[in-house]
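Below you'll find the structure, written out as structure tokens, and then a few comments.
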Amino acid sequence: MEGSFSAASLWLPLPVHMSDVSEIAKLLWDEWIPGNVRRTVISGVSSDEQQVDPDVVRKLVAFLAFVHDVGKATPIFQDNPSHLSRNLDRMLPT
């Protein structure tokens, strides 16, 4: 329904977002990213001497997705005003 969103429904806690993003990255890796792209990424993290296991690369992709917003947990980021919405800082619970 239009207008039925509360301020709390506009955001997810950072750990929940991080977990969600990691799971989506795994889903994208498994179901959407073409095989030739996966092979290119795997060869990019492998060396001439050793091929990295594809499951290890999948876990690396999930980890990188998981930590991509970790800087948002720092005090310097938390003290910044929300530039995307002038009203967001007033709407979000503190």
So, residue 77, is that one assigned to a helix (DSSP H, G or I), of a type in the set (Phe, Trp, Tyr) and either on the phi < 0 side of the Ramachandran plot or modelled with pLDDT of 95 or more (or both) or not?
yes
Residue, nearest to residue 12 (Cα to Cα), within region 43-81, restricted to residues that are touching a residue at least 24 places away in the same chain (Cβ under 8 Å) and more than 12 Å from the chain's Cα centre (by Cα):
73
Provide a single number: the residues in region 21-46 that are assigned to a loop (DSSP other than H, G, I, E, B) and more than 12 Å from residue 57 (Cα to Cα).
3
Considering only region 13-33, I want to know if a residue exists there that is farther than 25 Å from residue 70 by Cα, at pLDDT 95 or above and among the charged types (D, E, K, R).
yes
Might you let me know whether region 83-90 holds any residue that is of a type outside the set (D, E, K, R), modelled with pLDDT under 80, surrounded by 11 or more Cβ atoms within 10 Å (Cβ to Cβ) and part of a helix (DSSP H, G or I)?
yes
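The values are calculated or read from the model by the stated rules, or taken from the named source; none is laboratory data. Because the structure is a prediction, the values reported are computed rather than measured. For neighbour counting, all protein chains shown are included, and Cβ atoms are generated from backbone atoms with ideal geometry for every residue, glycine included.
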